[in-house]
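S.K.: Here you go, one structure.
The values are calculated or read from the model by the stated rules, or taken from the named source; none is laboratory data. From a predicted model like this one, the values you see are computed outputs, not experimental measurements. Here the Cβ positions follow ideal geometry from the backbone for every residue, glycine too, while neighbour counts run over all protein chains shown. Remember, those area values only see protein heavy atoms, side chains included, never the ligands or the DNA or RNA. Shrake-Rupley method; radii C 1.70, N 1.55, O 1.52, S 1.80 Å.
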Amino acid sequence: MHTAVTGRESAAMSATAEGPESTADGPESAADGPVSAVTGRPGPLTGFTIGVTAARRRDELTALLTRRGARVVQAPALRLLPLEDDAELRRATERCLAAPLDYVVATTGIGWRGWLSAADGWGRGAALTAACRAAVVLTRGPKATGAVRAGGLQEGWSPASESTDELLAWLLDRPLDGRRIAVQEHGVPLESFTAALRARGAEVVSVPVYRWAPPDDPAPLRRLAERTGRRQVHALTFTSAPAITAFLRAASEDGRHDDVLAALRADVLSVSIGPLCARPLTDLGLPVVWPSRGRLGAMVRTLTDTLPGRGGRALSFRGERLVLQGDAVLTETGVRWLSPQGAAVLRALAVHPGRVVSRAQLLRDAWPWASAASDAHAVETAVGRLRAALGPYADLVRTVPKRGYRVEGAGGAFEARPAASSPSGD
């Protein structure tokens, strides 16, 4: 696993269960009523709500997360244009066939297969395969290599790092003046890659396979941006850099850009498939984690290893160990779900076990996105709903007259440990 705050490291490049959703503008909303439900044995991501922005393979990613106990909000940031309707791809293919190619760069397995399949549909598949066989085929990673071999071709070289930058360095070590190079792209132009080749005198044909377009329905993405700014999701997953750009654009269009950046900086975990995908976030100085290999399963493992250790609390109450994880309290007998706001209140109280927290301080800590929040009644309402959701553990939150609230265990005993040590059932 890697964590980044800044930098440009090079490496490899849904059944939905949504949690409560807030539409109110104030510090409280109807979604913050008693939502507690007791469920069975928790998973490692129980209590967490995770946003999935992927368009392709979102069902697979959602299944991996829900299997570990997470609630998932699907909000595709982009959609893929159909290949058969892509006139630009067809023009690029004809350019590749207009003269012999010296090098062909395959960046993704699905992109390579899609290109050959589209060429077959146009009656140009055999000609394209022959043109590639006469050139040196470079593959960025194992999936691209497998797709090239499945098409009856053999790769000439592939970097162990699965890095586009290493592919570029390999090419730049060779004489390129007058050479023809086809570069299969996937979703986003490789502008700096192709510019460096052209600067060395190469003729470059960019092959834009599976270009991105805005989603058919932008509403889910806009709602996800709102929930991110309100800290109603705990993590966001990204599988492409354009998806990050589209998500941030949606936040800006709704006037939530600053709130979303503040949430991503401290409270909402960003998880990327790899460092190249993460660049729109790392360029803004935002923290991101990604796996050492750019695979969905590895990304989910990185998220599972990282998220439970962020802000969780373990409490000793009446001789029982309770763990606050995300929007749930994990008990020895099951799981009690809280509303996002109720969990935020309990988390703010649990930061200082046994210490009285004033209503004004709770407003600042539990409603960071609501600059106008100044009504102490909102705190009283939230605490009342929190106690209702806690059920038999309602006495965990005590009122201190004229001073505020505190979290208190039996006999005043209280123990806090990181949630990473909480019970899990993977």
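S.K.: Quick one: is G309 crowded, with 20+ Cβ neighbours inside 10 Å and touching a Pro at 6+ places or on another chain (Cβ under 8 Å)?
M.R.: No.
S.K.: If I filter the stretch 69-87 for residues that are open to solvent by 40 Å² or more (accessible area, probe 1.4 Å), assigned to a strand (DSSP E or B) and at pLDDT 95 or above, do I get at least one hit?
M.R.: yes
The rows are residues; the columns are (1) over 28 Å from L236 (Cα atoms); (2) assigned to a loop (DSSP other than H, G, I, E, B).
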residue: A314; (1), (2): no, no
residue: L322; (1), (2): no, no
residue: V329; (1), (2): no, no
residue: L346; (1), (2): no, no
residue: R355; (1), (2): yes, yes
residue: A360; (1), (2): yes, no
residue: R364; (1), (2): no, no
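S.K.: Could you please find all residues in the stretch 165-199 being assigned to a loop (DSSP other than H, G, I, E, B) and within 22 Å of A134 (Cα to Cα)?
M.R.: Correct list: D173, R174, P175, L176, D177, G178, R179.
S.K.: Considering each residue of the stretch 172-205, count those that are modelled with pLDDT of 95 or more, closer than 18 Å to C277 by Cβ and open to solvent by 40 Å² or more (accessible area, probe 1.4 Å), and give that number.
M.R.: Going through the stretch 172-205 one residue at a time, the tally reaches 0.
S.K.: So which pairs qualify, if the first residue must be in the stretch 193-204 and over 17 Å from T164 (Cα atoms), the second must be open to solvent by 30 Å² or more (accessible area, probe 1.4 Å) and acidic (D, E), the Cβ gap must be under 8 Å, and the two must be at least 6 apart or on different chains?
M.R.: From the stretch 193-204, the pairs are R200/D177; G201/D177; A202/D177.
S.K.: List, please: which pairs have Cβ atoms under 8 Å, are six or more places apart or on different chains, and start with a residue in the stretch 233-244 that is under 14 Å from L45 (Cβ atoms) and polar (S, T, N, Q) and end with one that is in a loop (DSSP other than H, G, I, E, B) and at pLDDT below 95?
M.R.: Short answer, once both residue conditions are applied: T237/A54.
S.K.: Of all residues in the stretch 200-238, how many are touching a Gly at 6+ places or on another chain (Cβ under 9 Å) and closer than 14 Å to L80 by Cα?
M.R.: Residues that pass the stated criteria total 5.
S.K.: Mind listing just one residue for me: the one in the stretch 261-290 that is under 19 Å from E60 (Cβ atoms) and modelled with pLDDT under 95 and, of those, nearest to the chain's Cα centre (by Cα)?
M.R.: Checking each candidate, the answer is I273.
S.K.: Considering P215, P208, which residue is of a type outside the set (D, E), over 17 Å from T93 (Cα atoms) and surrounded by 14 or more Cβ atoms within 10 Å (Cβ to Cβ)?
M.R.: P215
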